[in-house]
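The structure's right below; bear with me while I get my questions together.
Derivation of every value follows stated rules applied to the coordinates shown; laboratory data play no part. Keep in mind it's a predicted model, so treat the numbers as computed, not measured. We place every Cβ from the backbone using ideal geometry, glycine too, and count neighbours over all the protein chains shown.
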Amino acid sequence: MNSKDTIVRNTFLCAVAFALASCATLTKPESDVSFENLRAFEISFVDQYAVLGKRFDAAAFDAKVAEGNAKFQDAMTNEKFKARRPVLKDLADQFKAEAAHLRKKASTGKITKALAAERKRDINDNYEHAIAKKTE
């Protein structure tokens, strides 16, 4: 085999390998992206408001909660698989409960270092359970 054939063969093999790798990493289904975005939003929400010594701003907090509620509503509206909507509804209800709990703690100055870690752990557990439910 001459060097030109080797170059052509190697180029072809690289192109095939690249195509196969691209297929394996195609974008995730919209539902998965939606779940990941909602989880990231909730974690960010906790990071923003479960801060020891931070002054509680009720208006900003309420605006962020409204933003979260809108994100959940959009996710439920845009979900193509009807069976996943109740899972999103459960997550939305859990977000509302988390927000109410965080509001109570933050507005009374009872934020602790452990609170944020506990909230994030609960959020991750909620999403792990939700992901398991949506794949059943």
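Going by the conditions given, is residue 115 surrounded by 14 or more Cβ atoms within 10 Å (Cβ to Cβ), of a type in the set (A, V, I, L, M, F, W, C) and under 25 Å from residue 34 (Cβ atoms)?
For residue 115, the condition - surrounded by 14 or more Cβ atoms within 10 Å (Cβ to Cβ), of a type in the set (A, V, I, L, M, F, W, C) and under 25 Å from residue 34 (Cβ atoms) - is not met.
Taking the condition of being under 13 Å from residue 49 (Cα atoms) and among the hydrophobic types (A, V, I, L, M, F, W, C), how many residues in the stretch 115-136 meet it?
3
So which residues in the stretch 67-89 are farther than 19 Å from residue 99 by Cβ and surrounded by fewer than 17 Cβ atoms within 10 Å (Cβ to Cβ), if there are any at all?
77, 78, 80, 81, 82, 83, 85, 86
Next question. State whether one or more residues within the stretch 101-108 are β-branched (Val, Ile, Thr) and within 16 Å of residue 37 (Cα to Cα).
No.
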